[in-house]
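Here the structure comes first, spelled out in structure tokens, and everything after it is commentary.
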Amino acid sequence: MNIAQRAQRIEPFYVMEVAKAASAMAKELSNTSSPMIFLNIGEPDFTAPPLVQEAAIRAISQGATQYTQATGLPALRERISHWYATRFNAQVAPSRIIITAGASAALQLACLALIDSGDEILMPDPSYPCNRHFVSAAEGTAVLIPTTSDERFQLTREKVQAAWNRKSRGVLLASPSNPTGTSIAPEELQRIHEFVHSQGGVTLIDEIYLGLSYEEHFGHTALAMPGDLGQSVISINSFSKYFNMTGWRLGWLVVPEALAPVIERIAQNLFICASTVAQHAALACFEPDSLLEYERRRAEFKARRDYFIPELNRLGLRVPVMPDGAFYAYADCTAAAARLGVSGSWDFAFELMQRAHLAVTPGRDFGRVAPEQFVRFSTASSLNHLQEAVTRLESLLG
């Protein structure tokens with residue numbers, strides 16, 4: 001069988017390969033005093049709040065399960081628009097909002113609409129691996145630009161400008177980012193977008209963790225940039241992270257008005273629509289009681305960060321930049337790996353799995369620059385799990 005070249009360009013998703021190994025070991029440990037602690041997957045341990053669950057049940061019982069428009073329920077697009085206005089002081093017309101089958105579908109639609117064969121999309125290294133694979137699947141090339149901790153592991157205008165060439169089509173950023181949990185300063189983001197826009201390029205920004213921002217300076221959507229800048233940026237968002245609906249597979253895309261009919265046409269053919277039940281459920285995300293619960297949970301995620309990052313630093317797993325959002329810690333494991341007599345984040349991750357029954361993600365997925373130096377911890381687990389993880393790390397590392 002002849003496999004298409006685009007399929008062969010897609011690398012394994014090592015996060016999931018590690019997860020499979022950890023799950024297999026967890027079965028063996030299930031009845032022991034030291035069960036596996038999973039700090040490897042970026043999935044909130046919270047589920048959808050009661051009002052959201054009740055809305056899904058109501059939609060099913062009332063038979064509200066037929067296809068929606070490819071762009072999504074008009075009422076849901078309006079509620080998202082209102083959320084941008086009240087939460088971020090950003091005016092986003094409902095007509096610019098496309099409801100999608102998760103942020104993954106949003107990225108796929110954006111890439112298919114904007115990228116031609118041979119186009120280059122500039123991205124920071126490290127970054128979430130699937131983002132570059134969406135570019136590759138659209139016949140484009142993801143160009144990873146090395147970043148440093150001094151730059152918060154984010155691109156700068158100077159680096160974008162230095163890398164720009166005749167093949168460059170745009171940039172794909174993430175703020176807050178996976179795996180680092182760091183955001184781009186709003187003023188730097190505007191400088192990047194001003195340059196890209198001046199070159200006729202596109203700025204795509206993954207904002208799926210935006211609701212989980214903990215620092216006032218960084219918690220702003222790119223859509224709030226002044227004038228034409230905010231109107232021309234393309235934002236990807238999701239109900240998975242802040243709204244705790246990972247398995248419901250629901251997200252959205254905000255695009256310039258002129259691009260909306262193009263995205264709609266592609267969505268009609270590829271997806272028909274996002275899950276109707278999930279859309280009806282998501283309407284309840286914006287009820288006052290639900291929003292209060294989400295804010296309570298955001299505070300809990302912040303408390304976990306504030307406990308766990310200093311503990312990692314104390315144990316020699318240095319986190320070079322304090323995350324300002326999301327629920328990740330990107331830690332330098334060089335010294336800790338040496339203590340265990342192993343070299344590199346991949347072997348270190350499996351050593352933790354074997355000896356501490358702790359699952360973390362090695363840096364191999366996230367880029368080309370020093371992936372062996374870093375591991376990613378997820379702080380999406382309970383504080384009790386994080387405290388037990390620290391106890392195990394301390395026992396193992398001394």
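The values are calculated or read from the model by the stated rules, or taken from the named source; none is laboratory data. The shown structure was predicted, so the numbers you read here are calculated from the model rather than taken from an experiment. All Cβ positions, glycine included, derive from the backbone under ideal geometry; neighbour counts span all protein chains shown. We work out accessible area using only protein heavy atoms, side chains counted, and drop any ligands, DNA or RNA first. Shrake-Rupley method; radii C 1.70, N 1.55, O 1.52, S 1.80 Å.
Tally time: how many residues in the range 301-345 are in contact (Cβ under 8 Å) with a residue 40 or more places away in the chain and not aliphatic (A, V, I, L, M)?
Selection size over the range 301-345: 18.
Looking at the structure I just gave you, is I205 β-branched (V, I, T), open to solvent by less than 10 Å² (accessible area, probe 1.4 Å), over 14 Å from F88 (Cβ atoms) and modelled with pLDDT of 95 or more?
Here the answer is no, as I205 does not meet what is asked.
Inside the range 1-65, counting only helices (runs of 4 or more DSSP H) that do not spill past its ends, which hold 2 or more residues that are out of contact with any His (no Cβ under 9 Å at 6 or more places or on another chain) and surrounded by 12 or more Cβ atoms within 10 Å (Cβ to Cβ)?
14-29, 50-61
Just need a number here: residues in the range 151-176 that are part of a loop (DSSP other than H, G, I, E, B), over 13 Å from E188 (Cα atoms) and over 19 Å from the mean Cα position of the chain (by Cα).
Here the count works out to 4.
If you check every pair at least six apart or on different chains, which have Cβ atoms under 6 Å apart with a residue in the range 14-29 that is closer than 19 Å to F366 by Cα first and a residue that is open to solvent by 20 Å² or more (accessible area, probe 1.4 Å) and among the aromatic types (F, W, Y) second?
none
Within the range 305-360, can you find the residues that are open to solvent by 20 Å² or more (accessible area, probe 1.4 Å), within 28 Å of S238 (Cβ to Cβ) and out of contact with any Phe, Trp or Tyr (no Cβ under 8 Å at 6 or more places or on another chain)?
D306, Y307, M322
Please specify each residue of the range 120-146 satisfying the condition of being in contact (Cβ under 8 Å) with a residue 40 or more places away in the chain, in a loop (DSSP other than H, G, I, E, B) and open to solvent by less than 30 Å² (accessible area, probe 1.4 Å).
Result: P126, S127.
Yes or no: the range 257-265 includes at least one residue that is open to solvent by 30 Å² or more (accessible area, probe 1.4 Å), part of a loop (DSSP other than H, G, I, E, B) and touching a helix residue (DSSP H, G or I) at 6+ places or on another chain (Cβ under 6 Å).
Step one: list which residues in the range 257-265 are open to solvent by 30 Å² or more (accessible area, probe 1.4 Å), which gives 257-258, 261-262, 264-265.
Next, only the ones that are part of a loop (DSSP other than H, G, I, E, B) stay: none.
No, because not a single residue in the range 257-265 is open to solvent by 30 Å² or more (accessible area, probe 1.4 Å), part of a loop (DSSP other than H, G, I, E, B) and touching a helix residue (DSSP H, G or I) at 6+ places or on another chain (Cβ under 6 Å).
Per-residue answers, yes or no, for (1) modelled with pLDDT under 95; (2) β-branched (V, I, T):
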| residue | (1), (2) |
| --- | --- |
| I41 | yes, yes |
| I57 | no, yes |
| Q66 | no, no |
| A75 | no, no |
| F88 | no, no |
| S95 | no, no |
| L109 | no, no |
